[in-house]
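Visitor: Here you go, one structure.
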Amino acid sequence: QVQLVESGGGLVQAGGSLRLSCAASGSTFRINGIGWYRQAPGKQRELVAVIRSDGSTNYVDSVKGRFTISRDNAKNTVYLQMNSLKPEDTAVYYCNAATYSRFYWGQGTQVTVSS
């Protein structure tokens, strides 16, 4: 089992920055990759960024150049640094951990960007 706890969400003005954290515990050695997803009201959940066990990363086009995913292996924590935030970034952000057998989700953290 893997447990994920997100933190760092909040209210910020357009152009501002936030850093989200995803702290993993439990069988973290089974994790192949961790991704950040978001879901805005009335929209489907989308993958924002992912970091794999080999350190490779991918981003959805809409956040490239603004968001950075990183990890601290000693703390079992993955971060999402979000800069130049836009109102369309407003959503609940979820952390997701992938193992060979299943996915695990955190509880989500709200990010609201005001114009």
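Visitor: Return the pair list, or none, for Cβ contacts closer than 7 Å from residues in the range 35-55 that are free of Cβ contacts under 8 Å to residues at least 40 places away in the same chain to residues that are of a type in the set (D, E, K, R), at least 6 apart or on different chains.
Guide: Going by the 7 Å Cβ cut-off, the qualifying pairs are 46/38; 51/71.
Visitor: What are the residues in the range 28-44 that are in contact with a Ser or Thr (Cβ under 8 Å, 6 or more places away or on another chain) and surrounded by 16 or more Cβ atoms within 10 Å (Cβ to Cβ), if any? Show your work before the answer.
Guide: As a first pass, look at the range 28-44 and keep what is in contact with a Ser or Thr (Cβ under 8 Å, 6 or more places away or on another chain): 30-33, 40.
Those that are in contact with a Ser or Thr (Cβ under 8 Å, 6 or more places away or on another chain) and surrounded by 16 or more Cβ atoms within 10 Å (Cβ to Cβ): 31, 33.
Visitor: So, in the range 100-115, of the ones that are at pLDDT 95 or above, of a type in the set (Ser, Thr, Tyr) and farther than 17 Å from residue 77 by Cα, which residue ends up surrounded by the fewest Cβ atoms within 10 Å (Cβ to Cβ)?
Guide: 114
Visitor: Name the one entry in 70, 25, 84 that is outside any strand (DSSP E or B), open to solvent by 20 Å² or more (accessible area, probe 1.4 Å) and of a type in the set (Ser, Thr, Tyr). Write out each step before concluding.
Guide: Numbers: 70 fails: outside any strand (DSSP E or B); 25 fails: outside any strand (DSSP E or B).
None of the others qualify; the one that does is 84.
Visitor: Based on what the data block shows, is residue 19 surrounded by 13 or more Cβ atoms within 10 Å (Cβ to Cβ) and farther than 18 Å from residue 105 by Cβ? Please lay out each step first, then the result.
Guide: Working: surrounded by 13 or more Cβ atoms within 10 Å (Cβ to Cβ): yes; farther than 18 Å from residue 105 by Cβ: yes.
Answer is yes for this residue.
Visitor: Sticking with this one: Here are some conditions: (1) under 15 Å from residue 85 (Cα atoms); (2) open to solvent by 40 Å² or more (accessible area, probe 1.4 Å); (3) among the hydrophobic types (A, V, I, L, M, F, W, C). Residue 47 meets all but one. Which one does it not meet?
Guide: Failing condition for residue 47: (1).
Visitor: Can we say residue 90 is more than 13 Å from residue 19 (Cβ to Cβ), without any contact (Cβ under 8 Å) to a residue 60 or more places away in the chain, surrounded by 14 or more Cβ atoms within 10 Å (Cβ to Cβ) and β-branched (Val, Ile, Thr)? Explain how you work it out, then say what you get.
Guide: On the way: more than 13 Å from residue 19 (Cβ to Cβ): yes; without any contact (Cβ under 8 Å) to a residue 60 or more places away in the chain: yes; surrounded by 14 or more Cβ atoms within 10 Å (Cβ to Cβ): yes; β-branched (Val, Ile, Thr): yes.
Spelling it out, residue 90 is indeed more than 13 Å from residue 19 (Cβ to Cβ), without any contact (Cβ under 8 Å) to a residue 60 or more places away in the chain, surrounded by 14 or more Cβ atoms within 10 Å (Cβ to Cβ) and β-branched (Val, Ile, Thr).
Visitor: Something else: Quick one: how many residues across the range 94-115 are more than 12 Å from residue 33 (Cα to Cα) and hydrophobic (A, V, I, L, M, F, W, C)?
Guide: In the first step, residues of the range 94-115 are kept if they are more than 12 Å from residue 33 (Cα to Cα); the result is 94, 101, 105-115.
Then drop every residue that is not hydrophobic (A, V, I, L, M, F, W, C), which leaves 105, 111, 113.
Looking only at that region, the number is 3.
Visitor: Another question, if that's okay. With respect to residue 63, determine if the residue is open to solvent by less than 50 Å² (accessible area, probe 1.4 Å), out of contact with any Ser or Thr (no Cβ under 9 Å at 6 or more places or on another chain), within 17 Å of residue 22 (Cβ to Cβ) and touching a residue at least 24 places away in the same chain (Cβ under 8 Å).
Guide: Details: open to solvent by less than 50 Å² (accessible area, probe 1.4 Å): yes; out of contact with any Ser or Thr (no Cβ under 9 Å at 6 or more places or on another chain): yes; within 17 Å of residue 22 (Cβ to Cβ): yes; touching a residue at least 24 places away in the same chain (Cβ under 8 Å): yes.
So residue 63 passes the test.
The values are calculated or read from the model by the stated rules, or taken from the named source; none is laboratory data. What you see is a predicted model, and the numbers here were worked out from it, not measured in a lab. Note: ideal-geometry Cβ built from the backbone for every residue, glycine included; neighbour counts use all protein chains shown. For the accessible areas, the whole protein counts, side chains as well, though only heavy atoms, and no ligand, DNA or RNA atoms are used. Shrake-Rupley method; radii C 1.70, N 1.55, O 1.52, S 1.80 Å.
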